[in-house]
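A quick write-up on the structure given underneath.
The values are calculated or read from the model by the stated rules, or taken from the named source; none is laboratory data. Keep in mind it's a predicted model, so treat the numbers as computed, not measured. Please note: Cβ atoms are built from the backbone with ideal geometry, for glycine as well, and neighbour counts cover all protein chains shown.
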Amino acid sequence: MKQLLVIADPLGFEQRAFERALSLAKMTSARIHVAILCHESLAMLEHSDFAVDTAVVKQDLLAIREQWWQRYLDKNPPPLEVTYEAVWDKYLHHWVIEHCRERHYDLIIKTGHRSEQLFYTPSDWQLFRKAPAPIYSVNPTVYKHNKVILVALDLIHKQEQKHRLNKQLLEQGFQLAVQSDAALHCCYAIKIPTLIKDMDLIDIPSHTKNMEKQARELCQQWLDDYDIDQQSFHVQEGKPWQVINTLANKLKAQCIVIGSMGRKGVPGKLIGNTAEKVIHHARTDLLVIKPD
């Protein structure tokens, strides 16, 4: 990683996203650019009896944020190159996407806000679906963890896009493990539809055993390539999001690496996907990656 974009936490709060960026950038000496997003409603000023230039007010508010950040860096001198800018934009994801079209970033780092209503999509979810670079979502709550990176794979699938995404996940997980001096684990969930379970149509233990054997055979070359032993490749039956989060909690993983196919519109909102369900319930950092 050479270029990291950090979305600053609100002024006066712990800068968890920036701190995580510094820890990730140590080994590669990556350059960090901090975006300090700012937006306030100035409608009251525009319709007041006083002659107020709202453009000047905006510039003053942006300057206050940049001054705060300079004082923060002066008190906490970073060991790496850090630049920053204050940005006026109501919609965080709009600015990030446009900015990333002009400049290349290997990673976008932001403290996560992981609640979502049916017809309301916060900026975090828009970034997961549309951002041109992987999103590292820092858990806003500090939990005790081990130095473990958990990569969630989707293996028994014939789509070439899924195959490429698995490769991306392992590569990013491997790099993250190296940079954070962590052990690399990966997992695969064998999903058996509830209807089939309820109707007792198959021998579930036998089916699970056969699926696990196939998964391990499919993954053997990847395990060899990334120096992952069989004990660090976990195959379990269950709903994928539950398997991933339960295993992450058991391992006390510091980060889950997961792919998102980025479904959009009402079907994606109503049905959701594994990545979104993992994000809802995860108690750890997340690295969310879309297919190239």
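Exactly one residue among L155, L118, L127 is of a type in the set (A, V, I, L, M), surrounded by fewer than 13 Cβ atoms within 10 Å (Cβ to Cβ) and at pLDDT below 90, and that residue is L118. Could you please find all residues in segment 120-141 being assigned to a strand (DSSP E or B) and closer than 14 Å to C255 by Cα? Result: I135, Y136, S137, V138.
Across segment 176-190, a minimum of one residue is classified as surrounded by fewer than 19 Cβ atoms within 10 Å (Cβ to Cβ), of a type in the set (A, V, I, L, M, F, W, C) and outside any helix (DSSP H, G or I).
Residue count for segment 51-107, restricted to those that are touching a residue at least 24 places away in the same chain (Cβ under 8 Å) and of a type in the set (S, T, N, Q): 1.
In the condition set (1) of a type outside the set (V, I, T); (2) crowded, with 17+ Cβ neighbours inside 10 Å; (3) closer than 26 Å to D106 by Cα, M211 is compliant with all but (3). So, of the residues in segment 175-210 that are aliphatic (A, V, I, L, M) and at pLDDT below 90, which turns out to be nearest to the chain's Cα centre (by Cα)? Per the stated criteria, the residue is I192. Screening L155 on (1) in a loop (DSSP other than H, G, I, E, B); (2) of a type in the set (A, V, I, L, M); (3) free of Cβ contacts under 8 Å to residues at least 60 places away in the same chain shows it passes everything except condition (3).
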